[in-house]
Amino acid sequence: MGKRTLETITTSLSFLPPELIVALLAALPVTEIRAALPLALTVFELNSGTAYLFTVLGNMIPIALIFLLLPPVIRISEKRFTYVHHLLENHFRRLAHKHKDRFQHYGALALVFFVMIPFPGSGVWTGSLLAILFDIKPQKAIPAIVAGLLAAGILVLLITNGVLGAWSFLL
């Protein structure tokens, strides 16, 4: 995240408590916990426990939103807009079919590791989308995604605090 972007965010949201700012940053798909937790520790100077708690809570917001809103939106869109149906059928369903066996073999455990590893493009948002795409039941997917999020938070916390400094290139 660029310095100017960071300044804009912190200035625009300066009326909010820092805990709420980092929770909101953690809820965004671009930042998630991978950027929000280091910002909480360095820019907002929150202690590790508070920073971890609020970024994890903030990063849980998209899980509920995606699992509650996306499936009905997809169903309605497929019925009303034929191009959405064709897009889903031609691209996403084919992708799901291609990788479904592998994903089903590892199941929810794959979600844990996918969400946990702090690579760009992985995380709660993508993990939740994959769970819906691969038709993993929310009862299995949500605990797996939360477990991956908790582990990702610990990893990012350790990296940010220098315990895993050699792995800092992942952020």
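The values are calculated or read from the model by the stated rules, or taken from the named source; none is laboratory data. Everything numeric here is computed off the predicted structure, so don't read it as measured data. Cβ atoms come from the backbone with ideal geometry, glycine included; neighbour counts cover every protein chain shown. To get the accessible areas, we keep the full protein, side chains included, count just its heavy atoms, and leave off ligands, DNA and RNA. Shrake-Rupley method; radii C 1.70, N 1.55, O 1.52, S 1.80 Å.
Restricting attention to segment 29-51, report how many residues are touching a helix residue (DSSP H, G or I) at 6+ places or on another chain (Cβ under 6 Å) and either open to solvent by 50 Å² or more (accessible area, probe 1.4 Å) or part of a loop (DSSP other than H, G, I, E, B) (or both). Qualifying residue count for the region: 4. Reported count of residues in segment 127-151, each being crowded, with 21+ Cβ neighbours inside 10 Å and of a type outside the set (A, V, I, L, M, F, W, C), is 3. Being at pLDDT below 95 and either closer than 17 Å to residue 160 by Cα or surrounded by fewer than 22 Cβ atoms within 10 Å (Cβ to Cβ) (or both) is a property that does not hold for residue 54. Checked against (1) part of a helix (DSSP H, G or I); (2) closer than 30 Å to residue 4 by Cβ; (3) within 15 Å of the chain's Cα centre (by Cα), residue 113 passes all but condition (2).
Could you grab me the full set of residues in segment 87-142 that are of a type in the set (S, T, N, Q), in contact with a helix residue (DSSP H, G or I) (Cβ under 6 Å, 6 or more places away or on another chain) and without any contact (Cβ under 8 Å) to a residue 40 or more places away in the chain? Outline the logic, then answer.
Kept after step one, since they are of a type in the set (S, T, N, Q), are these residues of segment 87-142: 90, 104, 122, 126, 128, 139.
Okay, now just the ones that are also in contact with a helix residue (DSSP H, G or I) (Cβ under 6 Å, 6 or more places away or on another chain), so 122, 128.
Listed by number, the list holds a single entry, 122.
Among what's in segment 116-144 and is assigned to a helix (DSSP H, G or I) and among the hydroxyl-bearing types (Ser, Thr, Tyr), pick the residue that is modelled with the lowest pLDDT. Explain how you work it out, then say what you get.
Pass one, segment 116-144, residues assigned to a helix (DSSP H, G or I): 116, 124-133, 138-144.
Cutting the leftovers down to among the hydroxyl-bearing types (Ser, Thr, Tyr) gives us 126, 128.
Numbers: 126: 92, 128: 95.
That would be 126.
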